[in-house]
1. Of the residues A:Val125, A:Val141, which is more than 19 Å from A:Ala81 (Cα to Cα), facing chain B (nearest Cβ under 7 Å) and either modelled with pLDDT of 90 or more or in contact with a Gly (Cβ under 6 Å, 6 or more places away or on another chain) (or both)?
2. Taking the conditions exactly as written (modelled with pLDDT of 50 or more and over 30 Å from A:Ile188 (Cα atoms)), does A:Ser55 satisfy them or not?
3. What's the total number of residues in segment A:176-195 that are buried (at least 19 other Cβ atoms within 10 Å of the Cβ) and touching a Leu at 6+ places or on another chain (Cβ under 8 Å)?
4. Scan segment B:53-81 for residues that are under 30 Å from B:Leu181 (Cβ atoms) and within 14 Å of chain A (Cβ to nearest Cβ) and report the count.
5. In this structure, is A:Phe94 in a helix (DSSP H, G or I), touching a residue at least 24 places away in the same chain (Cβ under 8 Å) and either loosely packed, with under 13 Cβ neighbours inside 10 Å or aromatic (Phe, Trp, Tyr) (or both)?
6. Just for segment A:151-175: of the residues that are within 21 Å of the chain's Cα centre (by Cα) and surrounded by fewer than 18 Cβ atoms within 10 Å (Cβ to Cβ), which one is nearest to the other protein chains (Cβ to nearest Cβ)?
7. Which numbered condition trips up A:Val91, out of (1) within 10 Å of another protein chain (Cβ to nearest Cβ); (2) at pLDDT 90 or above?
8. Please give the number of the condition B:Ile157 fails out of (1) out of contact with any Pro (no Cβ under 7 Å at 6 or more places or on another chain); (2) in a helix (DSSP H, G or I); (3) not small (Gly, Ala, Ser).
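The values are calculated or read from the model by the stated rules, or taken from the named source; none is laboratory data. Keep in mind it's a predicted model, so treat the numbers as computed, not measured. Glycine also receives a Cβ, built like all others from the backbone with ideal geometry; neighbour counts cover every protein chain displayed.
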There are 2 protein chains.
Amino acid sequence: MASTDKPDLEAPSKSEIPPPPPPRPYGVDFFTVGVAFRVLLFATTLVSVIVMVTSDQTKTIFVPGSNIGFPVPAKFNHSPAFIYFVAALSVACFYSIITTLASLSVIFKPYSSTKLLLHFAIWDVLILGIVASATGTAGGVAYIGLKGNSHVNWNKICNSYDTFCHHVESSIFISLLAAILLVLLSIISTVSLYDRIPK
Amino acid sequence: MASTDKPDLEAPSKSEIPPPPPPRPYGVDFFTVGVAFRVLLFATTLVSVIVMVTSDQTKTIFVPGSNIGFPVPAKFNHSPAFIYFVAALSVACFYSIITTLASLSVIFKPYSSTKLLLHFAIWDVLILGIVASATGTAGGVAYIGLKGNSHVNWNKICNSYDTFCHHVESSIFISLLAAILLVLLSIISTVSLYDRIPK
């Protein structure tokens, strides 16, 4: 008897189940976090480029045994690695501006943003590849400048050009932050795509 | 009259619309393409590491004005950049083995693979960052070896150590291919996630 009564008791309660909540406005959360990261990306890439470009330092080198000195400058564009670095970070800076504006347009006018997320996820990865390789290139050359390489008689230069080296080091460190931001942005885009798949 | 007839004529045709096709077996296509790319990734990273590690070359340098010569070796581990390169490519090689096996397990036993795709998409990006930075680091140092840098008196060494330089150049070129494969793999994972979102 008890087993036949139970369905009768439950039947009305089933009809009282509230309707499922409306689907949450897709993309707003992830896009808001994304915009914050993209603004940070803009700041890091811009600062990195500025610090690298303003790294000029001129030292007066004296001819041994005399008072005759001549100025020897150290500039970032003496090294192809640093030129590539500035070019790559500039591209990333420009990219961060475009994607920040695109993200803002989604936040203020929440239309179907799934395709934009796909584009973000793909482009973030490409820009990450460029920024990571540029950071590596500049880092490899800067390390030789810092430590030298006795095997091939490449002398360190950071004992003479301290300001130049501090600029280069800071710039590379900031671009490493930019690369980490791009990894996080790429993960955010991917996870927000994953979040839209019905489980 | 004609306008009221039309709905009557269309009504039966609507009921004859065939049912929608069954959902396609998710993941198999993308995972098959992915496995091919991951096997290629394994091959490129392995070859890149082997070519770099076997780049040793020894030259006999003669003291000027005499017949006394002594051997001067060039090895990849004379440069921290190349050591980092070998470590990073080894990690990528190991990663390619694990993900190939994981992809194969999905192909032969097609269970819900969405979460695996998410993990792939995230890890591919991380490994891409490592491989791209390693390629950049080794490339920056190798370029100095090839061209030298007159501003800081770093002499080129590739005119003496031709075999060593050919090995290093080939290794870096192959690792560039590995980085491109990782970009493509990351895009494949992302697009296959996007493909599962109901439009």
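1. Of A:Val125, A:Val141, the one residue that is more than 19 Å from A:Ala81 (Cα to Cα), facing chain B (nearest Cβ under 7 Å) and either modelled with pLDDT of 90 or more or in contact with a Gly (Cβ under 6 Å, 6 or more places away or on another chain) (or both) is A:Val125.
2. yes
3. Final tally of qualifying residues: 12.
4. Number of matching residues: 11.
5. no
6. A:Phe173
7. The single condition A:Val91 does not satisfy is (1).
8. Answer for B:Ile157: the failing condition is (2).
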